[in-house]
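Beneath this line is the structure, given in structure tokens, with notes to follow.
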Amino acid sequence: MEFQGYLRQDGSVGVRNTVALIPASRCANEMACRIADEAGAGVHPLLHNQPCVHVGPDNVMARRVLTGMGQNPNTVAAIVLGIGCDPISAVDIANDIAATGKPVEVLTIEKEGDYDTVVSKGITFAKQMKANAALLSRQPFDLSHIKLAVKCGGSDTTSALGCNPVAGWVVDQIVNAGGTCVFSETAELVGAEHILARRATDPAVGQKVLDAVARTDKRILDAGVDILGSEPTPGNIKGGLTSIEEKSLGAIAKSGTVPLTDVIEWGQKLPGPGLFFMDGSANTPQMVLGLSASGAQMMTFGFGGGLPASFRSMPANSMGNLAILPVLKILSSPKAAREIPYFDVYAGGIIEGTETVAQVGQRLLEEILQVLSGKPTKVELRPRYREVLEMWRLGPVF
Amino acid sequence: MKKAIMMDPRDNVATALAALEPGDEIEVISTKRETVQQVQSRDSLPLGHKIALTDLRQGDTVVKYGAKIGRASRDIAAGNYVHVHNVVSDRMPLTENMLAHM
């Protein structure tokens, strides 16, 4: 089995050729939008909410993520945009991205003299980068070159019967073939952390899983009782999920049965083949940002059958503009069968008794290989909208 | 016959694969689709929600996927609907405010 991708200079394999406009701070978001409006299809602003007033460790995380989005193999070339007074320097971000060997430009108001010069130069650079990207051709790669992120959302009890075991089946195939898979959402390990920890090849990695959940538990408790009872969500409960333990046990099914290789930090680059857990936010716009910065080429997103399955693009998140991480949607519940046309893979046959997990898994793997080879997902075919990506922060906001 | 699926042999609840009504005879199947047992439903519950396979006393552990998903907050009889009204999480108990939404 193989897929068709673009070999990058650093050895990674891209599956899309996105010219990324990366604002060094949120103050540069507007310039990124102006450039994208003029440069047209294939040029995307990666808007985010990183302000001037975050404290140390949060700025470190933000820099890692802004750099990581530029280094993502789906970014064919990048323009980093800044004001000049951005706390995370546009030049530093650009230099880190350029280390991968891909074309990078940096434009700041301070250096160029004014806003209009940044925008007009940005349009010229973006059009040139787009033209150069059009000359690149795809070549075949085997499963060991896949970097797949897996996520579930809008979960109900059918998620644990449909999309999650199906995604887990695919994770097993990819990891056993030498590929890489990653999943995240530390709060959604609560109650299932002991089971994931036992899958770690190295006991020290198992301890990292337990420590990550203990830190999340502590942060929740430190915040007071109001946040208690936020999981499962009202939508989850309507779908039959009774407790965070039940939700977590169903959610980890999407990571398959292969050993856990390591735990990585939010936005950290995937260090090698295997299965990785990213210790990070369970807030979708933040977790998706972390996964895209890890170098994942695409993400599967499994749904139950509740109201979130009726969102056309993505539920309550920033996928509208995240052109560097194509998302393939899986539907689990026969109750939401009317939404099948908006999903890439329907797993409800498992619940209806007409298909097995392995049969749907095989279909999902084939669809993933096609999407990696350039077939647009249902979400990619929809008109894009722009939303602002959210940085995860652990420090105070003031 | 309507079906419910038991995710692990250690479980004391099963997930309904169809909406259930009181009096329905339910065939409980394993993940390998083998018939494990039968149970008569005592309540109405939607597809995907849980039904008790054995009698549980208040405080007993509720087991799904072979692992604990909470404790019975009141006595539960085999065939009863099992959800937030009779199960409480050990890790993040729901607040009264959340329960009021249900």
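Computed from the coordinates by the stated procedures, all read-outs in this text should not be read as laboratory data. Please read these numbers as outputs of a predicted model, since none were measured by experiment. Here the Cβ positions follow ideal geometry from the backbone for every residue, glycine too, while neighbour counts run over all protein chains shown.
Structural remarks
- Using a cut-off of 27 Å between Cα atoms, the listed pairs A:208/A:378; A:102/A:208; A:218/A:329; A:102/A:375; A:127/A:375 include A:208/A:378; A:102/A:208; A:218/A:329 as exceeding that distance.
- Estimated translational diffusion coefficient (Stokes-Einstein, Kirkwood radius over Cα pairs, 10 °C, 1.306 mPa s) of the range A:281-398: 104 µm² per second.
- Helix-only [θ]222 nm of chain B, DSSP H runs n ≥ 4, -39500 (n - 2.57) each, per residue, nearest 500: -1000 deg cm²/dmol
- Amide H to amide H distances under 5 Å link residue A:76 with A:18, A:19, A:20, where only residues 5 or more positions off or on other chains count and H is placed in the peptide plane.
- The range A:181-303: relative contact order as a whole-number percent, Cα under 8 Å and 6+ apart: 36 percent
- CD proxy at 222 nm, helix term only [per DSSP H run n ≥ 4: -39500 (n - 2.57); per residue of chain A; nearest 500]: -11000 deg cm²/dmol
- Estimated dipole of chain B in Debye, rounded to 20 [Cβ of Lys and Arg +1, of Asp and Glu -1, Cα centre]: 300 debye
- Beta bridge orientation in the protein assembly as shown: antiparallel %, DSSP, nearest 5: 35 percent
- Within straight-line cross-link reach of residue A:269, aspartates and glutamates at Cα separation under 19 Å, skipping those fewer than 8 residues along the same chain: A:10, A:58, A:92, A:96, A:185, A:279, A:390
- Local electrostatic count at residue A:257 - Lys and Arg +1, Asp and Glu -1, tallied over other residues with Cβ under 12 Å: +2
- Residues whose amide H lies under 5 Å from that of residue B:43, counting only those 5 or more places away or on a different chain, are B:23, B:81; hydrogens are built 1.01 Å from N in the peptide plane.
- Residues with amide H under 5 Å from that of residue B:53, placed H, sequence gap 5 or more: B:13, B:14, B:79
- Taking every C-alpha pair closer than 8 Å and separated by at least 6 residues, the mean separation divided by the residue count of the range B:2-100 gives a relative contact order of 25 percent.
- Across the range A:341-348, coupling constants 3J(HN,Hα) worked out from phi with the 6.51/-1.76/1.60 Karplus curve, θ = phi - 60°, read x, 9, 10, 7, 9, 9, 9, x Hz, and Gly and Pro carry x.
- As computed over the range A:141-380, the Cα convex hull volume per residue (Å³): 110 Å³
- Listed peptides A:233-241, A:125-133, A:195-203 by packing density, highest first (mean Cβ within 10 Å): A:233-241, A:125-133, A:195-203
- Ignoring lysines fewer than eight residues from residue B:68 along the same chain, the ones with Cα atoms less than 18 angstrom from its Cα are A:247, B:50.
- Electrostatic bookkeeping for residue A:24 treats Lys and Arg as +1 and Asp and Glu as -1; over the other residues with beta carbon under 14 Å from its beta carbon, the sum is -3.
- Burial ranking of peptide ranges A:157-167, B:47-57 (average Cβ count within 10 Å, highest at the top): A:157-167, B:47-57
- Across chain A, the relative contact order, built from alpha-carbon pairs under 8 Å that are at least six residues apart, equals 22 percent.
- From phi via Karplus (6.51, -1.76, 1.60), per-residue ³J(HN,Hα) for the range A:114-127 in Hz, x at Gly/Pro: 7, 4, 4, 5, 4, 5, 5, 5, x, 4, 4, 4, 5, 5
- 3J(HN,Hα) from dihedral phi, the range B:52-68, Karplus parametrisation 6.51/-1.76/1.60, rounded to Hz, x for glycine, proline: 6, 9, 9, 6, 10, 8, 3, x, 5, 6, 9, 10, 9, 6, x, 9, 6
- Other residues with beta-carbon under 15 Å from the beta-carbon of residue A:243 carry, at +1 per Lys or Arg and -1 per Asp or Glu, a net charge of -3.
- The angle between the Cα long axis of helix A:163-176 and the longest principal axis of the Cα atoms of chain A comes to about 70 degrees, rounded to the nearest 10.
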